[in-house]
Amino acid sequence: MSATENTLILETTQGPVTIEMRPDLAPGHVARIKELVREGFYDGIVFHRVIDGFMAQTGCPQGTGTGGSGQKLKAEFNKEPHVRGTTSMARAASPDSGDSQFFICFDDARFLDNQYTVWGKVTEGMENVDKIKRGEPVQNPDKIVKARMAVDAA
């Protein structure tokens, strides 16, 4: 698969993970994630909440699940299913509380459909996502060493 301007590469402590972002589903979320990636926001951030058979969550600068970039996003719920490899925004109780935290589904999580904003899908490196240490909170967590857009690196 060739890299596009919507290809996000996460260099993690378990290896690279390639995510094809979907601006057709969630244009505001994709634009904001690209901004954060280009600012280096995700570099060094841990996977703070990792539930076996469910998902791996990251994007909190405090590493606790309580923080973000400070810019809330309007929900862009869509019909895309939460299945293995789906990337979706984490949020608090309010639908419009997504910020910088997101999760990658290990398995089907269809109960989340239409309640969380799906913005992409892992296209390569899902085996590396599967190796991320589990826990709530995770002891000695894996992290995103560097996040980059594939075209910026080309």
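Throughout, read-outs are computed from the coordinates displayed, never taken from laboratory work. Just so you know, these numbers come straight off a predicted model, no measurement behind them. Glycine also receives a Cβ, built like all others from the backbone with ideal geometry; neighbour counts cover every protein chain displayed.
Sorted on the mean count of surrounding Cβ atoms within 10 Å across their residues, most packed first, peptides 81-92, 24-35 read 81-92, 24-35.
Once both labels are positioned 7 Å from their Cα atoms along Cα-to-Cβ, the gap between residue 107 and residue 35 label points is 3.7 nm. Computed from the C-beta positions of residue 77 and residue 13 and an R0 of 41 Å, the FRET efficiency is 0.85 to the nearest 0.05. Identify the residues of segment 105-123 with backbone N under 14 Å of a label point that sits 7 angstrom from the Cα of residue 92 along the Cα-to-Cβ direction, or state none. The answer is none, because no backbone nitrogen lies closer than 14 Å to the label point. With 23 Å as the limit, the listed pairs 121/143; 121/146; 74/133; 34/72 have 74/133 beyond it between alpha carbons. Using the Cβ-Cβ distance between residue 145 and residue 115 with R0 = 22 Å, the FRET efficiency computed as 1/(1 + (r/R0)^6) comes to roughly 0.10. Each Lys and Arg Cβ is given +1 and each Asp and Glu Cβ -1; about its Cα centre, segment 7-153 then shows a dipole of about 200 debye. Taking amide H positions as modeled 1.01 Å from N, with prolines and chain starts lacking one, the residues under 5 Å from residue 45 and 5 or more places away or on another chain are 144.
Summing Lys and Arg as +1 and Asp and Glu as -1 over all other residues whose Cβ lies under 14 Å from the Cβ of residue 49 gives a net charge of +1.
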